[in-house]
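The values are calculated or read from the model by the stated rules, or taken from the named source; none is laboratory data. Everything quoted here is computed from the prediction, not taken from an experiment. All Cβ positions, glycine included, derive from the backbone under ideal geometry; neighbour counts span all protein chains shown. Accessible surface areas use protein heavy atoms only, side chains included; no ligands, DNA or RNA. Shrake-Rupley method; radii C 1.70, N 1.55, O 1.52, S 1.80 Å.
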Amino acid sequence: MLTELSQLIAIGEVQIDTRSGRAREAGPLQTVSQLIDAATGKVLGPGALKMKVSSEGPTDPRACVKSGNNKRVTAYSPSNRMIVGKDGTVHFQYHAYRLGQARLLESGLSTQWEVCSVGGGDFDSARLRRVGTGIAMADSSHIWRIGQAWQTGSTPESYALNLGFQVKRGPVSINASLKQQPADKLLGSFRAPFRSGLDAYEHNAVYAWWQDNCIGRWWKCWKNSGSKDFQGSIAHALWEFPEGEEPAVVGLYYTAYATYA
């Protein structure tokens, strides 16, 4: 029986200038390496970092696809979160979309933002127990999360998720699909399955992850539990700014994380 698992979290903020359309990493990724209790998930102490994190990665503009021809939708350059080491690789990609004049609120025409994240992890010399992604909007005073989507239940071999902007007319949706090895379950929440520096943004956050059934169960995790196959997840988040409240530079936190042994 395993008493502890390694957990690695990569967090970074992407700032998008709504005037120039430029998206940039606000700084180096924050790396959290921990040892956690295999039964409870409680943090036992710092982990021995065996993997590197990076915001670089392959760009696939088709990972999250826009359907609909609303000309007010702006698509920004995708961002990446990579965790790489001898044990395996975790890669999630994040696609941000903005829709101006989305719908009429009491204060005027709103602006909506949607971020689609898709990816996962594939390990060889270790076994995944959990792998997932998180998205949070940095502005906490003028922005509201008005939509989210994630898959829950037994892991399917393949699945697709979409989330649409909330508009009066002219539907626009963002679609993503994923293929993986069926094993255990998919989960999601506005709270992460770990504590991080993004706790203050939970009301504006969305998390989705694959998880081995041994976590949180009475039979606990054994050496041969978990997965050596590709496991992943899809997350969608939708936010809305009232008219005049959107900042010129919008900050988005993107997080990739993995628990393994």
Checklist entry - Can you list the lysines whose alpha carbon is less than 30 Å from that of Lys50, not counting same-chain residues fewer than 8 positions off? => result Lys42, Lys86, Lys179, Lys185, Lys220, Lys223, Lys228
Next on the checklist: Taking only the Cα atoms of segment 117-229, how large is their convex hull per residue, in Å³?
Outcome noted: 123 Å³
Checklist entry - Using the Cβ atoms and a cut-off under 15 Å, what net charge is assigned to the surroundings of Lys185, where Lys and Arg are +1 and Asp and Glu are -1? => result -1
Next on the checklist: Sequence gap at least 6, Cα distance under 8 Å: using those rules, report the relative contact order of the chain to the nearest whole percent.
Outcome noted: 28 percent
Next on the checklist: What distance in nm lies between label points placed 7 Å from Cα along the C-beta direction at Arg19 and Trp144?
Outcome noted: 2.9 nm
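Please find the FRET efficiency linking Lys50 to Ala75, where r is the Cβ-Cβ separation and R0 is fixed at 45 Å, and quote it to the nearest 0.05.
So, using R0 = 45 Å, E works out to roughly 0.80.
From the Cα trace of segment 1-70, what convex hull volume per residue do you get, rounded to a whole Å³?
So the per-residue hull volume is 185 Å³.
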Item to check | Fraction of the pair-distance distribution of segment 219-261 above 13 Å, Cα-Cα pairs, percent | outcome: 76 percent
Checklist entry - Want the number for Thr152 to Asn213: 0.36 nm per residue separation, take away the alpha-carbon distance, what's left? => result 20.7 nm
Checklist outcome for this item: Once all protein chains are kept in place, Met82 shows an accessible area at probe 1.4 Å, nearest 10 Å², of 30 Å²
Checklist outcome for this item: Once all protein chains are kept in place, Cys116 shows an accessible area at probe 1.4 Å, nearest 10 Å², of 0 Å²
Checklist entry - How much accessible area does Ser196 have with a 1.4 Å probe, in Å² rounded to the nearest 10? => result 20 Å²
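Return the ratio Rg/(2.2 N^0.38 Å) for segment 128-172, where Rg is computed over Cα atoms only. Numbers along the way, then the final one.
Working: Rg = 14.8 Å, N = 45, 2.2 N^0.38 = 9.3 Å.
My calculation over the Cα atoms of segment 128-172 gives 1.59.
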Checklist outcome for this item: Note: the chain, point scatterers on Cα, Debye, no solvent; log10 I/I(0) at q = 0.07, 0.14 Å⁻¹ equals -0.23, -0.90
Checklist entry - Distance in nm between label sites at Trp222 and Val43, each 7 Å beyond Cα in the beta-carbon direction? => result 3.2 nm
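Specify whether the C-alpha gyration tensor of segment 141-198 places it in the rounded, prolate or oblate class, a ≥ b ≥ c being the square roots of the eigenvalues: rounded for a/c under 1.5, otherwise prolate if a/b is larger than b/c and oblate if not. Please list the in-between numbers first.
Values: a/c = 3.25, a/b = 1.22, b/c = 2.66.
Note, shape of segment 141-198 comes out oblate.
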Item to check | P(r), alpha carbons of segment 166-261 - 10 Å bins starting at zero, rounded % | outcome: 11, 35, 32, 15, 7, 1
Next on the checklist: Step by step: find N for segment 52-151, compute 2.2 N^0.38 Å, then divide the Cα radius of gyration by it. What's the final number?
Outcome noted: 1.32
